[in-house]
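These notes are about the structure you will find just below.
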Amino acid sequence: MDLDPMESASADESTTASHDRATARLTTHVAITVALLATFLGVCKVKDDNIVQAMEQAQADKLDHWAFYQARNLREEVAKATATQLRLAAAGAPAGREAEYREAIASYERLAVDQAQKKEELRTQAEQDQKTYDALNYRDDQFDLSDALLALAISLLAMTALTHKRWLFWLALIPTGAGVVMGLAGLLGLHVHPDALVRLLS
């Protein structure tokens, strides 16, 4: 039996055309996936930047409240010390000036109590600022993990576009899925947080 060169050429062309169509489909899938991931990354970046700004504000508020706490603490201690000095001085004061000393002592004692109360309010505010910072940092970690996973996915998709290996596309979908889950968790405030991985990367 003789081989017809025309049939062989036709079969080769058919195989080449089929391979080209498969490559074109794969390239289209890669391009669409990268475009969607880039859009998702952009949305996450905006939200993450807002969270980082809120974290910076919470940190600044905490530092301000602790600074005011220290100032109130100093005022309280000075008022207590002054009241103590006035009590000691009142013991040796002339009889006609006792009322003045009692009034001054009472004024400094009220000032000390007022400063102690305001100091405690500031301590509570500073501790709340720390809680706010920690909650925001939790979400910032989610966005950081999403960024890292999606960057890995895009790298694998780039390799897929270069090599035309379909298995590499499916491999790229693993970090894609994980990155999208972490990004959605950050956007929606979900409690998805792989603590071990965060500690490893911190």
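The values are calculated or read from the model by the stated rules, or taken from the named source; none is laboratory data. Predicted, not measured: the structure shown is a model, and the values here were computed from it. In this analysis, Cβ positions are derived from the backbone assuming ideal geometry, glycine residues included, and neighbour counts consider all displayed protein chains. All accessible areas refer to the heavy atoms of the entire protein, side chains included, with ligands and DNA or RNA removed. Shrake-Rupley method; radii C 1.70, N 1.55, O 1.52, S 1.80 Å.
For this structure, a couple of remarks:
- Of Leu150, Leu156, all but one fail to be within 24 Å of Pro175 (Cα to Cα) and free of Cβ contacts under 8 Å to residues at least 40 places away in the same chain; the exception is Leu156.
- So Asp195, is it acidic (Asp, Glu) and modelled with pLDDT of 90 or more: no
- Test: Leu162 is part of a helix (DSSP H, G or I), closer than 18 Å to Leu26 by Cβ and free of Cβ contacts under 8 Å to residues at least 40 places away in the same chain: yes
Every residue, every condition in (1) out of contact with any helix residue (DSSP H, G or I) (no Cβ under 6 Å at 6 or more places or on another chain); (2) at pLDDT below 95; (3) of a type in the set (A, V, I, L, M), yes or no:
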{"site": "Asp134", "(1), (2), (3)": "yes, yes, no"}
{"site": "Asp141", "(1), (2), (3)": "no, yes, no"}
{"site": "Leu145", "(1), (2), (3)": "no, yes, yes"}
{"site": "Leu152", "(1), (2), (3)": "no, no, yes"}
{"site": "Leu156", "(1), (2), (3)": "no, no, yes"}
{"site": "Ile174", "(1), (2), (3)": "yes, no, yes"}
{"site": "Leu190", "(1), (2), (3)": "yes, yes, yes"}
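- Residue tally, condition touching a residue at least 40 places away in the same chain (Cβ under 8 Å), hydrophobic (A, V, I, L, M, F, W, C) and open to solvent by 60 Å² or more (accessible area, probe 1.4 Å), over segment 44-69: 2
- Taking the listed residues Thr39, Thr33, Thr27, the one that is out of contact with any Leu (no Cβ under 8 Å at 6 or more places or on another chain) and touching a residue at least 24 places away in the same chain (Cβ under 8 Å) is Thr27, with no other qualifying.
Every residue, every condition in (1) open to solvent by 70 Å² or more (accessible area, probe 1.4 Å); (2) modelled with pLDDT under 95; (3) aliphatic (A, V, I, L, M); (4) in a helix (DSSP H, G or I), yes or no:
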| residue | (1), (2), (3), (4) |
| --- | --- |
| Thr16 | yes, yes, no, yes |
| Asp20 | yes, yes, no, yes |
| Thr27 | no, yes, no, yes |
| Thr82 | no, yes, no, yes |
| Arg87 | yes, yes, no, yes |
| Ala93 | no, yes, yes, no |
| Glu98 | yes, yes, no, yes |
| Tyr101 | no, yes, no, yes |
| Gln117 | yes, no, no, yes |
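- Residue in segment 139-183 that is farthest from Ala196 (Cα to Cα), counting only those that are of a type in the set (Val, Ile, Thr) and open to solvent by less than 60 Å² (accessible area, probe 1.4 Å): Thr163
- Close Cβ contacts (under 9 Å, 6 or more residues apart or on different chains) running from residues in segment 123-135 that are without any contact (Cβ under 8 Å) to a residue 40 or more places away in the chain and farther than 13 Å from Ala60 by Cα to residues that are open to solvent by 70 Å² or more (accessible area, probe 1.4 Å) and in a helix (DSSP H, G or I) are absent.
- Of all the numbered requirements in (1) at pLDDT below 95; (2) open to solvent by 50 Å² or more (accessible area, probe 1.4 Å); (3) among the hydrophobic types (A, V, I, L, M, F, W, C), Leu74 misses one, and that requirement is (1).
- Qualifying residue in segment 192-202 (condition: out of contact with any Pro (no Cβ under 6 Å at 6 or more places or on another chain), outside any helix (DSSP H, G or I), hydroxyl-bearing (Ser, Thr, Tyr) and surrounded by fewer than 16 Cβ atoms within 10 Å (Cβ to Cβ)): yes
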